[in-house]
């Protein structure tokens, strides 16, 4: 299980990680997720935090719950793809804004990223 960033709010991170796992096929459509307590133990967080993240993903249309059975991935994961795409755009905008505040133009930032990837 991937580590959480202690410098960021936990609940959004859990949402992000689960969304990536859904789109990446770790949790297939209609597949049951591990129990809330199991997920919480894996991340070392309070089960209520995991529950809140799962509720958020249900509101976004990525998951559904079955009383007494657990949480499941929606049959159609296209919504998860949309959410992940939007998240990637948001993070990219944030990154470019930070780089701009450090004095780099968009083109310089692109070159910086290329250098970083191909070192």
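We did not get these values from a lab; they are worked out from the coordinates using the rules stated. A quick note: this is a predicted structure, and the numbers were derived from the prediction, not measured. Cβ: placed from backbone, ideal geometry, glycine included. Neighbour counts: every protein chain shown.
Quick notes on this structure:
- The angle separating the long axis of helix 47-59 from the principal Cα axis of greatest extent in the chain is about 80 degrees.
- Residue 89 paired with residue 101, simple spin-label distance in nm, labels 7 Å along Cα-to-beta-carbon: 2.2
- Principal-axis tilt of helix 78-101 within the chain, Cα atoms, nearest 10 degrees: 30
- Kirkwood radius for region 10-77, taken over all pairs of different Cα atoms as the inverse mean of 1/r, rounds to 11.7 Å.
- Angle in degrees between helix 106-117 and the longest Cα principal axis of the chain, rounded to the nearest 10: 70
- For the chain, the 222 nm mean residue ellipticity estimated from helices alone, with every DSSP H stretch of n ≥ 4 adding -39500 (n - 2.57) and the total spread over all residues, rounds to -19500 deg cm²/dmol.
- In the calculated pair-distance distribution of the chain, the portion above 25 angstrom amounts to 35 percent of the Cα-Cα pairs.
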